[in-house]
Amino acid sequence: MIRTPAKANVECPHCGFKQMEYAAAKSTLCRQCGRSFSPNAPQPGLKLSTKSKVAAPDPSSPLRKFEGLWKGRGTRLIACFECKRKHEVSEAATSTNCPGCSAHIDLRDYKIVTSFSRSIRTRGDVFLSSKGDLSSTSVVCRSALIEGKLRGNLQCDETITINFAGKIPGRLAAKQITVEKKSDVQCFRRVTVNTIEIKGRMSAEIVASGAVTIHKTGTLEGSVTAKSIAIEKGGLFSGQLAIGQAGLTQGELLPAEAAGAARDPESNVPLSAHPLPAT
C-alpha cells in the first residue's frame, strides 16, 4: 500500500492567500501573488483582535469606541483595491476575491503589539497599541486607533483616532480624524481629511475639505486650509489659516503677490493669516 504524504493548509505571509501544501515542504510559491515563502516559517509578531483576549475597558475610552467598529453586523460593503468595484462580504470573512478582477482583498483586523515593518493593505481595522512600533512604509485600512509609534504613511477609508504623544513622520489621510485629550502629536507631513476634531495638542499642516474643530482642551499649531473652523472657549490655534475654498492648498489660496488682498468670493471676507483667538 502506497501512503500519500500529508498536506496542510498554509497561508501566504505576503498576501494572505491560503492553499494546500505538503507538510514536509521547505518552500513553495503562492498561487495568488507568485512570491516564495516557507510553509513552516513562524508568523510575524502580529496579533489579530479577538473577542476573548481583551478585557472590557472604560466605556468612554477611545479603545472602547474603536472596538465598536469591529462588532459583527452581518455583511458590509467593500471596494476592490485594484478596480474599485464594490461588493458585499460577511463580517466574519478574513479575505475575499474581487468578482470583477479576481484580485485578493484582505479583510483582517490587525493588532500591533510589537515592532512590525510589513506593509498593510486591508479593508479591516488597525489597532497600534502603546507598546507597538509600526514602521511600515504604507498602511491602508478601514479605520485605525493609534496609541504607539507610527513611522510610515496611514490612509483610512473612515476614521483615525490618535491617542499618542510623539512624532508622526508620515502622511495621514482619512474621512475623519480625532486627536484625543492626552495626545501631544507632531506631524511632519500633510494631514488630508474631511473633518478633524482636536481635543489634545497637535502640530501639523492640515488640508480639510470640511470643518476643523478645536475643543476647549485642544491646541493646534501649524497651517490650516479648510472650509470652516470652530474653536471652543479655551481652545487655542496658532499659525496660518485659509478658509472658504475646500480642496486648495495654502499657496493656491494666498499667492504671494495678492496675499494682503485675498478674499473669500462667497463671503467677501478677507482671509486671515494670523493666529485665531478663542471666543
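You will find that of Ile206, Ile196, Ile160, the residue that is more than 16 Å from Glu221 (Cα to Cα), of a type in the set (A, V, I, L, M, F, W, C) and either touching a Ser or Thr at 6+ places or on another chain (Cβ under 9 Å) or in a strand (DSSP E or B) (or both) is Ile160 and no other.
In the set (1) buried (at least 19 other Cβ atoms within 10 Å of the Cβ); (2) assigned to a strand (DSSP E or B); (3) of a type in the set (S, T, N, Q), Gln155 fails one condition alone, (1).
Among the criteria (1) charged (D, E, K, R); (2) closer than 22 Å to Thr195 by Cα; (3) assigned to a loop (DSSP other than H, G, I, E, B), the one Lys175 does not fulfil is (3). Taking the criterion of being open to solvent by 30 Å² or more (accessible area, probe 1.4 Å) and modelled with pLDDT of 90 or more, the residues of segment 66-86 that qualify are Leu77, Glu82, Cys83, Lys84, Arg85, Lys86. If you take the residues in segment 134-152 that are β-branched (Val, Ile, Thr) and part of a strand (DSSP E or B), which one is surrounded by the fewest Cβ atoms within 10 Å (Cβ to Cβ)? Looking at residues that are β-branched (Val, Ile, Thr) and part of a strand (DSSP E or B), I get Val140. Taking the criterion of being in a loop (DSSP other than H, G, I, E, B) and without any contact (Cβ under 8 Å) to a residue 12 or more places away in the chain, the only residue of segment 89-128 that qualifies is Ser102. Would you call Ser209 surrounded by fewer than 19 Cβ atoms within 10 Å (Cβ to Cβ) and of a type in the set (Gly, Ala, Ser)? Yes.
For Lys131, the requirement of being among the basic types (Lys, Arg), more than 10 Å from the chain's Cα centre (by Cα) and either surrounded by 22 or more Cβ atoms within 10 Å (Cβ to Cβ) or in a loop (DSSP other than H, G, I, E, B) (or both) is met. Between Gly239, Gly200, Gly218, the distinction of being modelled with pLDDT under 95 and either open to solvent by less than 20 Å² (accessible area, probe 1.4 Å) or not aliphatic (A, V, I, L, M) (or both) belongs to Gly239 only.
In segment 158-172, the qualifying residues are those that are among the aliphatic types (A, V, I, L, M) and surrounded by 15 or more Cβ atoms within 10 Å (Cβ to Cβ), and the one that is nearest to Lys199 (Cα to Cα) is Ile162. For first residues located in segment 13-34 and hydroxyl-bearing (Ser, Thr, Tyr), partners that are part of a loop (DSSP other than H, G, I, E, B) and surrounded by fewer than 16 Cβ atoms within 10 Å (Cβ to Cβ) and lie 6+ apart or on another chain with Cβ distances below 6 Å form the pairs Tyr22/Pro5; Ser27/Ser38.
Tally up the residues in segment 226-238 that are assigned to a strand (DSSP E or B) and farther than 15 Å from Ile198 by Cα, please. First the steps, then the outcome.
So in segment 226-238, the residues assigned to a strand (DSSP E or B) come out as 226, 228-231, 236-238.
Keeping just the survivors that are farther than 15 Å from Ile198 by Cα gives none.
Number of matching residues: 0.
The values are calculated or read from the model by the stated rules, or taken from the named source; none is laboratory data. Small disclaimer: the values here were computed from a predicted structure and weren't measured. Cβ: placed from backbone, ideal geometry, glycine included. Neighbour counts: every protein chain shown. Just the protein is used for accessible areas: all its heavy atoms, side chains included, with ligands, DNA and RNA removed. Shrake-Rupley method; radii C 1.70, N 1.55, O 1.52, S 1.80 Å.
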